[in-house]
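The values are calculated or read from the model by the stated rules, or taken from the named source; none is laboratory data. Not measured: the values here are computed from a predicted model. Using ideal geometry, Cβ is built from the backbone for each residue, glycine included, and neighbour counts are taken over all protein chains shown.
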């Protein structure tokens, strides 16, 4: 039966969670599938070799220009020679798979490293377009650093978190320098207790043509660093069209978040993206989010700032309100300076 739902004991009860939405969908006209809405072309993101930063002045400047250009034109790019070994990436993936293979009840009630960090689906979904067919552990870096590395999972997460956090700071310095700003403020406000590692799993979905693994959104941080597996599924908007990101296991994907777009006065682009589901295969990814403290003030130093001054707390609270009322994030347009909001 095509709509039969997975019954593995470790799977979150997504079918049950969205039962009423699935029932309503069968009672009326079925929404167009992701593939019917638009033909999605697979493309490679700009690929940047960070080893050039260690070479001569010419190569280093070329690399910085490539990073800035990709952030301006795509909002996404991928990097190699990023300082995280393939063996560590593979070990992190293995530990990630193990924790997601635990019984669902155990994941929900974990009292150790991952305590309180487990989540699945979209609690506020009111229609299938708002559904996320996924589960995740969203862990503050401070929890990882304080865990003492007593388990294979905590030790591996710490080994992964340290270099990925350093990479985020390195990229932040390059991007802020390019727009004539000082990166020390961002570095000071983005601390281990405000930044996160998020382990994601997208189970196989029998309704893959109708349900996304992660609904379209932009990231509400400065930047995100992602490692994905070979399954693929990440899609983003480029030139007004959805494009599929071709997987490249050895690379890390970098994307600009809303705060960097506002901070740069729209020089850098926070681009809408989503994850589509796969009918036959599950997908895993690991994301690092460079987030500031809630009282961090976000403002551009431009003479004519596009966005009004706001705090990260202001932004998060507005996003939560909009999701509750409209079922979707509205984002930066809420904070436009002397312009009508685009709702």
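Determine whether residue 163 is under 22 Å from residue 285 (Cβ atoms), surrounded by fewer than 20 Cβ atoms within 10 Å (Cβ to Cβ), modelled with pLDDT of 90 or more and in contact with a helix residue (DSSP H, G or I) (Cβ under 6 Å, 6 or more places away or on another chain). Can you show your working first?
On the way: under 22 Å from residue 285 (Cβ atoms): yes; surrounded by fewer than 20 Cβ atoms within 10 Å (Cβ to Cβ): yes; modelled with pLDDT of 90 or more: yes; in contact with a helix residue (DSSP H, G or I) (Cβ under 6 Å, 6 or more places away or on another chain): no.
So residue 163 does not fit the description; no.
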Cβ pairs under 6 Å, 6+ apart, first in the stretch 253-265 and on the phi > 0 side of the Ramachandran plot and at pLDDT 95 or above, second part of a helix (DSSP H, G or I) and surrounded by fewer than 23 Cβ atoms within 10 Å (Cβ to Cβ): none
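Among residues belonging to the stretch 321-343 that are more than 30 Å from residue 127 (Cα to Cα) and out of contact with any strand residue (DSSP E or B) (no Cβ under 7 Å at 6 or more places or on another chain), point out the one that is surrounded by the most Cβ atoms within 10 Å (Cβ to Cβ). So that I can check it myself, show each step before the final result.
Kept after step one, since they are more than 30 Å from residue 127 (Cα to Cα), are these residues of the stretch 321-343: 337-339.
After this cut, where a residue has to be out of contact with any strand residue (DSSP E or B) (no Cβ under 7 Å at 6 or more places or on another chain) as well, the list is 338-339.
Details: 338: 8, 339: 11.
The extreme case among them is 339.
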Consider the stretch 99-128. How many of its residues are in contact with a helix residue (DSSP H, G or I) (Cβ under 7 Å, 6 or more places away or on another chain), closer than 22 Å to residue 159 by Cβ and part of a helix (DSSP H, G or I)? 1
Which members of the stretch 175-203 meet the condition of being at positive phi and modelled with pLDDT of 95 or more? none
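Which of the residues that make up the stretch 295-320 are surrounded by fewer than 21 Cβ atoms within 10 Å (Cβ to Cβ), in contact with a helix residue (DSSP H, G or I) (Cβ under 6 Å, 6 or more places away or on another chain) and either outside any loop (DSSP other than H, G, I, E, B) or touching a residue at least 40 places away in the same chain (Cβ under 8 Å) (or both)? Lay out the reasoning, then the answer.
Pass one, the stretch 295-320, residues surrounded by fewer than 21 Cβ atoms within 10 Å (Cβ to Cβ): 295-297, 299, 301-306, 308-311, 313-314, 316-320.
This time we only want the ones that are in contact with a helix residue (DSSP H, G or I) (Cβ under 6 Å, 6 or more places away or on another chain), so: 296, 308, 310, 318.
296, 310, 318 - these are the residues of the stretch 295-320 that are surrounded by fewer than 21 Cβ atoms within 10 Å (Cβ to Cβ), in contact with a helix residue (DSSP H, G or I) (Cβ under 6 Å, 6 or more places away or on another chain) and either outside any loop (DSSP other than H, G, I, E, B) or touching a residue at least 40 places away in the same chain (Cβ under 8 Å) (or both).
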For residues that are within 28 Å of residue 217 (Cα to Cα), free of Cβ contacts under 8 Å to residues at least 24 places away in the same chain and out of contact with any strand residue (DSSP E or B) (no Cβ under 7 Å at 6 or more places or on another chain), tally how many sit in the stretch 116-157. 2
Restricting the stretch 22-42 to residues that are in contact with a strand residue (DSSP E or B) (Cβ under 9 Å, 6 or more places away or on another chain) and surrounded by 14 or more Cβ atoms within 10 Å (Cβ to Cβ), the residue that is modelled with the highest pLDDT: 40
